[in-house]
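Here's the structure we're looking at; comments come further down.
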Amino acid sequence: MDLKKELIFLKPCFKNVVWGGSRLKEEFGYEEAGDSTGECWGISAHPHGDCKIRGGHFDGMFLSVLYREHRELFGNLTEEEFPLLVKILNAKQDLSVQVHPDDVYARAHGGADGMERGKNECWYIMDCPQDASLIIGHHAKTRKELARFIHEGRYTELFREIPVKKGDFIQIASGTIHVIKGGFTILETQQSSDTTYRVYDYGRLVDGKPRALHVQESIDVINVPDGTGPGQVVHTEGLPDDKMHLLIDCSYYKVWKLAVRTGVTVKQEYPFLLVSVLDGKGMVDGQAVCKGDHFLIPYGFGEVIFEGNMEMILSSV
């Protein structure tokens with residue numbers, strides 16, 4: 001049996017959080033999700049959420065083990081740990097004001113997740129309220145001014161708010177202060193890291209206690225000058241169907257959008273292709289897939305036939 005010709009389906013891991021809701025359970029049919037589930041880690045080999053393989057030759061194996069023992073399925077990548085993490089976030093309330101470190105800072109200070117990898121991430125907005133906006137970036141001119149705004153709680157003056165809509169795609173580089181607001185459902189592709197520095201969390205309590213803040217670490221890593229703006233939002237509405245559209249190609253990942261309406265053949269020429277079905281259903285290489293499925297197409301798979309009526313986000317390195 002040619003193991004490179006087998007689609008590798010993953011069983012997601014779920015995170016219940018103070019800002020989570022019930023849409024992951026209600027709209028995606030994830031049986032393990034609940035009424036306060038904020039994150040579905042659809043493709044992950046991170047120790048905080050290591051996905052198991054569902055079906056096929058490797059049924060029941062953790063993705064981290066597959067990556068370690070069958071590197072040939074990943075183009076013989078030299079990275080010690082699987083490099084990407086793909087998740088769906090559903091926010092009933094606003095997330096904390098937060099920022100992520102880069103690799104250099106994470107290595108020097110140790111990631112909050114015990115790993116030495118920073119966190120660059122990108123968002124595809126699956127759903128959001130009408131006339132929505134996100135907080136991405138800040139207005140401080142110097143680090144001293146940034147620290148003063150934060151210590152004095154002058155967040156309204158500090159934040160840069162950017163209008164967005166369903167179908168928008170946004171790169172969130174490490175060092176970018178950001179807030180995902182309530183009412184958003186987002187597909188996030190990121191470095192495999194769980195290190196988040198919270199600047200502010202509205203005084204919310206979990207089990208009667210406020211969540212930990214990381215104010216000094218945040219001031220250390222927030223980019224000054226900021227460098228963000230409306231230009232970093234990519235609008236994907238109107239893109240032709242049945243074609244892979246590259247949304248970003250950076251040092252950490254490549255991400256594509258694919259809307260299948262009749263059918264398309266894609267050549268798998270990357271170390272791997274990660275696929276998340278955001279809506280609809282169809283067939284991939286003769287196998288049925290539907291909304292909420294997450295799977296991996298191994299290195300050397302060759303041509304992949306997508307058929308049906310569905311929308312997907314794909315990624316690789």
On the basis of being at pLDDT below 95, within 20 Å of G38 (Cα to Cα), in contact with a strand residue (DSSP E or B) (Cβ under 9 Å, 6 or more places away or on another chain) and hydrophobic (A, V, I, L, M, F, W, C), does A132 make the cut?
no
I need the full set of residues from segment 164-176 which are among the polar types (S, T, N, Q) and either crowded, with 22+ Cβ neighbours inside 10 Å or without any contact (Cβ under 8 Å) to a residue 60 or more places away in the chain (or both), in order please.
S174, T176
Boolean, L158 is over 28 Å from G49 (Cα atoms) and among the aliphatic types (A, V, I, L, M)
yes
When you scan segment 133-143, do you find a residue that is of a type in the set (S, T, Y), within 30 Å of K25 (Cβ to Cβ) and open to solvent by less than 10 Å² (accessible area, probe 1.4 Å), even just one?
no
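Matching residues to (1) among the polar types (S, T, N, Q); (2) in contact with a helix residue (DSSP H, G or I) (Cβ under 6 Å, 6 or more places away or on another chain); (3) on the phi > 0 side of the Ramachandran plot; (4) touching a residue at least 24 places away in the same chain (Cβ under 8 Å):
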| site | (1), (2), (3), (4) |
| --- | --- |
| K243 | no, no, no, no |
| L258 | no, no, no, yes |
| L278 | no, no, no, yes |
| D285 | no, no, yes, yes |
| I313 | no, no, no, yes |
Quick one: E161 ticks every box in (1) touching a residue at least 40 places away in the same chain (Cβ under 8 Å); (2) in a strand (DSSP E or B); (3) open to solvent by 10 Å² or more (accessible area, probe 1.4 Å) bar one, so which box is it?
(1)
Is it the case, given these coordinates, that R154 is open to solvent by 20 Å² or more (accessible area, probe 1.4 Å), within 20 Å of P101 (Cα to Cα) and of a type outside the set (S, T, Y)?
no
Does segment 12-28 contain any residue that is over 25 Å from T185 (Cα atoms) and in contact with a strand residue (DSSP E or B) (Cβ under 9 Å, 6 or more places away or on another chain)?
no
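Evaluate the following for E217: is it under 27 Å from A173 (Cα atoms) and in contact with a strand residue (DSSP E or B) (Cβ under 7 Å, 6 or more places away or on another chain)?
Judged against the criteria, E217 is a match.
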If you scan segment 177-191, which residues turn out to be over 17 Å from I313 (Cα atoms) and either open to solvent by 70 Å² or more (accessible area, probe 1.4 Å) or touching a strand residue (DSSP E or B) at 6+ places or on another chain (Cβ under 6 Å) (or both)?
I177, H178, V179
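When you scan segment 1-73 for strands (runs of 3 or more DSSP E) that lie fully inside it, which ones turn up with 3 or more residues that are closer than 21 Å to M312 by Cα?
8-11, 37-43
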Is there a residue being acidic (D, E), under 19 Å from the mean Cα position of the chain (by Cα) and buried (at least 20 other Cβ atoms within 10 Å of the Cβ) anywhere in segment 117-125?
yes
Which numbered condition in (1) at pLDDT below 95; (2) open to solvent by 40 Å² or more (accessible area, probe 1.4 Å) is the only one that D113 fails?
(2)
Within segment 1-48, which residues are of a type in the set (S, T, Y), over 30 Å from P271 (Cβ atoms) and out of contact with any helix residue (DSSP H, G or I) (no Cβ under 6 Å at 6 or more places or on another chain)?
S22, S36
Within segment 94-101, can one find any residue that is in a strand (DSSP E or B) and open to solvent by 10 Å² or more (accessible area, probe 1.4 Å)?
yes
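The values are calculated or read from the model by the stated rules, or taken from the named source; none is laboratory data. Predicted model only: the values in this text are computed from it and were never measured. Backbone-built Cβ (ideal geometry, glycine too); neighbour counts: all protein chains shown. For the accessible areas, the whole protein counts, side chains as well, though only heavy atoms, and no ligand, DNA or RNA atoms are used. Shrake-Rupley method; radii C 1.70, N 1.55, O 1.52, S 1.80 Å.
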